[in-house]
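The values are calculated or read from the model by the stated rules, or taken from the named source; none is laboratory data. This is a predicted model, so every value here is computed, not measured. Positions of Cβ are backbone-derived with ideal geometry, glycine not excepted, and every protein chain shown enters the neighbour counts. Note: areas computed on protein heavy atoms with side chains; ligands, DNA, RNA excluded. Shrake-Rupley method; radii C 1.70, N 1.55, O 1.52, S 1.80 Å.
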Amino acid sequence: MEIESRAGLFKLWNQLELHELPEKFVIRAVDSPNLGFSISRSDGQVHSLQDDHVLSSTSKVSTIYGVVGTIRLLAGTYLLVITSRKEIGDYLGFPVYQVTSMKFLGCNESLKLSTYQEKKDEAYFRNLLRIVESTPGLYYSYETDLSLNLQRRFKLAEGWMSKPIWKQGDPRFVWNRNILEDLIENKLDDFIIPLIQGSFRIGQLKIKNEPATITLVSRRCTRRLGTRMWRRGANMNGDTANTIETEQLLEHKGFRSSFLQIRGSIPLLWEQIVDLSYKPSLNIISHEETPKIVERHFHDLMQRYGDVIAVNLTDKDGDEGRLSAAYAAEMQKLNSVRYVSFDFHHVCGNSKFDQIHVLYDEIAEDFEKHGYFLVDTEGKILVEQKGIVRSNCIDCLDRTNVTQNYLSQKSLNFQLQRIGVLSSTECISTFPEEYTIFKTLWADQGDEISLEYSGTYALKGDLVRYGKQTMSGLIRDGISAISRYYLNNFHDGVRQDAMDLISGRYTVSRSSPSPFQLNAFESISYLPFASAILIGGLTLTSITVNQASRNAQHFVTSVVCAGATAGVMAIVKANGRQFCSRPRLCGLL
């Protein structure tokens, strides 16, 4: 159906018909069949529909809810569409939807003309597209852009909402920006839906019988998109892995306030290559450009958010300590940024999680000066947020989420006091039901962000939900830790390739050499191969040991089997990187 933006000058369509014909796909608006476009299945060319366009009655027709974009592989163009959605609430009064399923449609048949190697490459690329189809945490609105926080929206020039939605937002937070080019070039503005990846959560509060709404929006930056182990640190431009802007929006009786925080990997050149170890060693890459990389990173943050407090939550010992020390050394060169090192595990370990107030006490003065953004019922700006806290641990997931939750709670208290909901001596934690809703929002968004980066739920989630470590939380953390180990070692390399492909970091080209010319050892299915050898060796050893207890002649056989198994285990361990799934399309930086 047709939806018009509140500026009254732009329309989007939230329900489309997909017609599948032998020679083309046709997409048109349900309420206005003459508006739409076609994409050729022979060459992938996009064309707007003519007013007199007639469709064959034999075409297969289905309903879709948006066009995400197009991507060109060796065999031609693929079209990505939204096949199901779920309305989950609203952002500033505009309905918001979560993508629940997507599908790629192959738009040509040139694969039959490809070489053997090209067919093998295309099969791998298509496998990556299947991974992309199941991308979690994608959100959008038909009426407004979701990539802009409240303060930036108010700072834009009047009339910006009359622009096409894809022109309204911040490209760094638009997940599908790279695959919109064909639609943009053909001026199909009515059909272009920018998606954000991250989290979108809404909680309804009732404090002293006064209703209030909290919306928690996390926007994942696409500039260094990746998985937990395969995207660490910064690139040469200063973009960091797992950079996420989180906005906590409060709405009460026409007042709207917003509080922003940022998380992101330590902005140095560093890596952590999986090698079957539970915690692979950290490698800090020495480079003459490192000071400039750090400077670029924080200059960008200051341009966007104002003053910055960089809170580093990593340990001061071991590999983390070396990385933390290197980070601190670089930060000493930046007089414009306040750097705070807080060893979260040391201060808050052994169930002393309430000790996080030690960090707050250290930054409280600057934190309160940064403030938050607030507009009154008439849209007049009362307060602006003048700075931001940038938090990190190693993954920027678990310790970071606990810390951001604590800081957001502090800001929420100030906001509720400012608009008169709470007195100067009251805080959200004195209202148990509302406090539980608030904590659940943060725990759920922490889980969602963790699923996108690591593939599992967040660790330490019960600290956010309940303020303490629980037995069920310990069990869940253990399961998540094991799952992370498995995914990091045997799955995330392919998932990283899928992200590099869809984000445009890797571009498919017939003129480029195949990235999949693997040697024989690398082409083996790593986990099944290693597991089969080890399990077979252990089984054979066990059998011969049992036989040796009855017949001494089998003793030598047992020793040989045990030695061979131990040798295989040693080889696997020594060549751990060879048995792990790793990206093939792009380098680490």
message = If I ask for residues that are surrounded by fewer than 20 Cβ atoms within 10 Å (Cβ to Cβ) and either hydrophobic (A, V, I, L, M, F, W, C) or under 27 Å from ASN405 (Cβ atoms) (or both), which ones from the stretch 493-507 would you list?
response = VAL494
query = In the stretch 409-443, what residues are open to solvent by 30 Å² or more (accessible area, probe 1.4 Å) and among the acidic types (Asp, Glu)?
reply = GLU426, GLU433
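Which residue is farthest from LEU588 (Cα to Cα), if the candidates are limited to the stretch 206-223 and must be out of contact with any Leu (no Cβ under 9 Å at 6 or more places or on another chain) and touching a residue at least 40 places away in the same chain (Cβ under 8 Å)?
The residue in question is GLU210.
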request  = Filter the stretch 470-492 down to residues that are charged (D, E, K, R) and free of Cβ contacts under 8 Å to residues at least 60 places away in the same chain and give me whichever is least open to solvent (accessible area, probe 1.4 Å).
outcome  = ASP477
request  = Working only within the stretch 444-454, note down all residues that are in contact (Cβ under 8 Å) with a residue 40 or more places away in the chain and either acidic (Asp, Glu) or open to solvent by 30 Å² or more (accessible area, probe 1.4 Å) (or both).
outcome  = ASP444, GLU448, LEU451, GLU452
request  = Just give me the residues in the stretch 141-181 being among the hydroxyl-bearing types (Ser, Thr, Tyr) and modelled with pLDDT of 90 or more, in sequence order.
outcome  = SER141, TYR142, THR144, SER147
request  = Search the stretch 239-276 for residues being of a type in the set (Gly, Ala, Ser) and within 26 Å of GLY371 (Cβ to Cβ), and hand back the single one that is most open to solvent (accessible area, probe 1.4 Å).
outcome  = GLY254
remark   = Taking first residues from the stretch 572-583 that are crowded, with 17+ Cβ neighbours inside 10 Å and part of a loop (DSSP other than H, G, I, E, B) and second residues anywhere that are of a type in the set (Ser, Thr, Tyr) and modelled with pLDDT under 60, the pairs with Cβ under 7 Å that are 6 or more apart or on different chains are CYS580/TYR526; SER581/TYR526
key: Hits in the stretch 436-468 (condition: part of a loop (DSSP other than H, G, I, E, B) and either modelled with pLDDT of 85 or more or over 28 Å from ARG232 (Cα atoms) (or both))   = SER454, GLY455, THR456, TYR457, ALA458, LEU459, GLY467, LYS468
key: Only listed residue being in contact with a His (Cβ under 9 Å, 6 or more places away or on another chain) and either of a type in the set (Asp, Glu) or open to solvent by less than 40 Å² (accessible area, probe 1.4 Å) (or both), chosen from ASP317, ASP300   = ASP317
inquiry  = Can you list the strands (runs of 3 or more DSSP E) lying wholly within the stretch 194-266 that have 1 or more residues being closer than 28 Å to ALA325 by Cα?
reply    = 210-220, 244-252, 255-263
ask   = Right, GLY467: touching a helix residue (DSSP H, G or I) at 6+ places or on another chain (Cβ under 8 Å) and open to solvent by 30 Å² or more (accessible area, probe 1.4 Å) or not?
value = yes
request  = Pairs only if they're at least six apart or on different chains, beta carbon under 6 angstrom, first in the stretch 405-432 and more than 17 Å from PRO211 (Cα to Cα), second open to solvent by 20 Å² or more (accessible area, probe 1.4 Å) and assigned to a loop (DSSP other than H, G, I, E, B); list them, first residue then second.
outcome  = SER411/TYR372
